[in-house]
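Inspection log for the structure reproduced underneath, given as structure tokens.
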Amino acid sequence: MASYRYSAMNEMGRTINGVVTAENDVDLEERLKQIGLELVNYRELREKKGSSSGRVKMQDMIVMCLHLEQLGRAGVPLLETIADVRDSSDSMALKNIMTGVYEYIKNGEVLSKALAHYPRVFNSVFIGLIAAGEKTGNFSEAFLHIADHLKWTSDLRRKTKKAIRYPIALLLVMSGVIAILMTYVVPKLVDFMLAQGFDLPLHTRALIAFSHAFVNYWFLIFGIPFVIIISLISLFRISEPFAYKVDGIILKLPVFGSVSRKLNMARFTHFFAVLFNSGIDILESLNAAKEVVGNRVLCESIELMARSVSEGTSLTSSMRISNQFPNLVVRMFKVGEDSGNMTEALDNINFFYDREVNDAVDSVVGLIQPTLTVVMGLLIFWVIAAVFGPLYQSFSKMNV
């Protein structure tokens with residue numbers, strides 16, 4: 001099959017653009033008709049299958065998985081289920097993908113192989129979970145676990161954005177306030193004080209020097225930090241040793257290190273639970289779940305844990321060797337191992353980490369907000385004291 005970028009008209013006369021896989025132009029036109037589109041124009045893409053399938057939003061992925069899970073439980077045949085998801089999706093990118101998946105399955109491929117044609121949308125772990133469902137014959141459970149994980153991931157992203165959105169906004173406001181004060185307000189007040197011959201104290205002269213430097217070298221004041229940050233980010237991406245050291249430093253930071261550890265461990269334990277509950281063995285679950293851990297130091301510890309398990313050590317003992325999990329979590333894993341009820345233990349662990357992540361995010365937000373507010377207050381106080389202090393002293397002398 002080839003990939004085609006098309007332009008089509010829907011039932012309301014609106015132009016729709018997208019990418020879909022098809023055997024040829026006739027097949028392309030037929031596939032578009034199946035989803036209510038009339039082909040207007042097209043061109044063949046010289047890229048690999050699925051590479052231009054388009055970006056699918058997390059919410060659309062969740063809805064798709066829940067749709068597949070519910071229809072599977074109702075006993076609807078797989079091919080009809082795929083067609084129903086294709087026709088009911090609001091996402092044009094997902095419509096195109098499910099059209100291709102439908103054709104692959106219709107031509108005899110299993111679902112996991114059909115989804116594998118779109119690696120940018122369905123990663124290797126997603127495909128592995130579906131393949132595990134094919135082995136057990138229970139697609140519904142596999143899609144339910146995936147949907148639960150995607151919802152949890154979406155909620156975690158929302159919490160993380162919550163922790164950084166306000167500080168970024170406040171920093172931007174602070175930068176704007178500083179720029180206005182140092183560029184327009186302070187120079188005019190300073191000119192007035194100098195014209196009146198006021199005696200300027202040290203903190204006023206410091207403000208004048210800072211204002212002068214800001215007006216003349218603002219591009220360096222803002223540019224140097226920007227260049228440093230971009231350089232560090234680039235180095236972080238291209239140098240594995242540097243990235244490892246940075247990840248280690250992050251874990252040692254007060255407050256933020258604890259939050260980073262909890263976020264990564266929450267991702268790991270939740271995804272491990274999804275894999276294990278889908279019928280994948282412990283070792284494979286460990287090796288796959290470590291991929292969701294963003295911190296290299298923690299990822300290395302999980303690799304050590306997986307090697308320990310592969311050598312015959314129990315999961316609980318391997319967790320103690322990694323030295324990255326709280327004693328309470330290790331204890332809950334041990335209870336699951338000893339009782340043979342690992343599913344319930346994993347549910348308890350996820351509940352523990354969900355609560356810990358919520359508390360950690362709230363603590364970061366609660367720490368950053370007053371800190372930045374105090375910094376802004378001190379800046380404004382400095383300007384007021386530096387400008388109005390000499391004025392007040394001059395008026396006092398006049399009264400005397």
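Here are a few things to note about the model shown:
- Of all residues in the stretch 1-24, those being under 17 Å from residue 104 (Cα atoms) and either in contact (Cβ under 8 Å) with a residue 24 or more places away in the chain or surrounded by 13 or more Cβ atoms within 10 Å (Cβ to Cβ) (or both) number 9.
Residue-wise test of (1) touching a residue at least 24 places away in the same chain (Cβ under 8 Å); (2) within 30 Å of residue 286 (Cα to Cα); (3) assigned to a helix (DSSP H, G or I); (4) in contact with a Pro (Cβ under 6 Å, 6 or more places away or on another chain).
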position	(1), (2), (3), (4)
39	yes, no, no, no
64	yes, yes, yes, no
85	no, no, yes, no
108	no, no, no, no
118	yes, yes, no, no
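- Check on residue 233, surrounded by fewer than 19 Cβ atoms within 10 Å (Cβ to Cβ), of a type outside the set (Phe, Trp, Tyr) and either part of a helix (DSSP H, G or I) or in the same structural domain as residue 69 (by TED's automatic domain parsing) (or both): yes
- Extreme residue, modelled with the highest pLDDT, among residues of the stretch 8-66 that are closer than 17 Å to residue 85 by Cβ and of a type in the set (Lys, Arg): 57
Each row is one residue, and each column tells you yes or no for (1) in contact (Cβ under 8 Å) with a residue 12 or more places away in the chain; (2) polar (S, T, N, Q); (3) assigned to a helix (DSSP H, G or I).
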site	(1), (2), (3)
153	yes, yes, yes
161	no, no, yes
182	yes, no, yes
192	no, no, yes
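- Any hit, the stretch 104-114, residues being within 23 Å of residue 275 (Cα to Cα), buried (at least 21 other Cβ atoms within 10 Å of the Cβ) and modelled with pLDDT of 85 or more: yes
- Residue pairs meeting the criteria (Cβ under 8 Å; at least 6 apart or on separate chains; first free of Cβ contacts under 8 Å to residues at least 12 places away in the same chain, in the stretch 288-299; second in a helix (DSSP H, G or I)): 299/290
- The stretch 130-167, subset at pLDDT below 80 and among the aliphatic types (A, V, I, L, M), residue nearest to residue 285 (Cα to Cα): 132
- Of all the criteria given as (1) surrounded by fewer than 19 Cβ atoms within 10 Å (Cβ to Cβ); (2) more than 30 Å from residue 261 (Cα to Cα); (3) in contact with a helix residue (DSSP H, G or I) (Cβ under 8 Å, 6 or more places away or on another chain); (4) assigned by TED's automatic domain parsing to the domain that holds residue 376, the one not satisfied by residue 140 is (4).
- Number of the condition not met by residue 254 [criteria: (1) surrounded by 16 or more Cβ atoms within 10 Å (Cβ to Cβ); (2) more than 18 Å from the chain's Cα centre (by Cα); (3) of a type outside the set (Val, Ile, Thr); (4) closer than 28 Å to residue 361 by Cβ]: (1)
- Residue in the stretch 275-282 that is over 27 Å from residue 368 (Cα atoms), among the polar types (S, T, N, Q), within 25 Å of the chain's Cα centre (by Cα) and assigned to a helix (DSSP H, G or I) present: yes
- Filtered by the rule that a residue be of a type outside the set (Ser, Thr, Tyr) and at pLDDT below 80, the stretch 358-369 gives 358, 360, 361, 362, 364, 365, 366, 367, 368, 369.
- Taking (1) at pLDDT 85 or above; (2) surrounded by fewer than 20 Cβ atoms within 10 Å (Cβ to Cβ); (3) more than 27 Å from the chain's Cα centre (by Cα) in turn, residue 332 satisfies each apart from (2).
The values are calculated or read from the model by the stated rules, or taken from the named source; none is laboratory data. Because the structure is predicted, anything quoted here is derived from the model rather than measured. With ideal geometry, Cβ positions are generated from the backbone for all residues, glycine too; neighbour counts draw on all protein chains shown.
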